Amino acid sequence: MNNYELSKELQKEFLVLQIPKRKIADVVRNQLKDKNLTYRQAAETIEDFSYTQLSRVTSGSNYTIDTLLKTLDCLGLEIEIKKKMDRL
C-alpha cells in the first residue's frame, strides 16, 4: 500500500468511526450536564459499570456496544438507526 492509499484509508476510517464517536460523546456530555450529573454519579447508577467506562464514551475512545447502551439508558437516551444519505 502506498502513502496515497494509506492516506485515503485513514480518511475513510476517520469519517466512518471518529466523527460519529465525537457526536455521541458530545450528546452524552451534554445530557450529563443537563441532568447535573458527574461521570462518577452517572456510573454509580449503572450496575457493573465503572467511571472509566463512561469516560471512554465521553472521550470518543474505544468502548463496547454494551457500554454505550448502558450509558444511553442511564441518561434516558436511545439509538436510532437510519439509512445514510449518499455522499457525493
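Since every read-out is calculated from the coordinates, none of them should be taken as a lab result. The shown structure was predicted, so the numbers you read here are calculated from the model rather than taken from an experiment. All Cβ positions, glycine included, derive from the backbone under ideal geometry; neighbour counts span all protein chains shown.
Taking 8 Å as the Cα distance limit and 6 or more residues as the minimum spacing, I'd like the relative contact order of the chain as a percentage. Can you show the working numbers first?
On the way: 53 pairs, mean separation 22.3, N = 88.
Here the relative contact order equals 25 percent.
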- Crossing angle, helix 65-74 versus the chain [Cα axis fit, 0-90 degrees, rounded to tens]: 40
- Query: Nearest 0.05, what FRET efficiency do Lys12 and Asp48 give at R0 = 35 Å with Cβ-Cβ as r?
  - Reply: 0.50
- Task: Give me the net charge of Ile46's neighbourhood, meaning all other residues with Cβ under 9 Å from the Cβ of Ile46; Lys, Arg count +1, Asp, Glu -1.
- Result: -3
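Using +1 on the beta carbon of Lys and Arg, -1 on that of Asp and Glu, and nothing else charged, what's the dipole of the stretch 16-74 about the Cα centre, debye to 20? Walk me through the numbers on the way to the answer.
Values: 9 positive and 7 negative charges, 71 e Å.
Using only the charged Cβ atoms, the result is roughly 340 debye.
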- Structure-derived Cα extents along the principal axes in Å: which label, when the choices are [x] 45, 26, 22; [y] 48, 26, 21; [z] 48, 18, 16: [y]
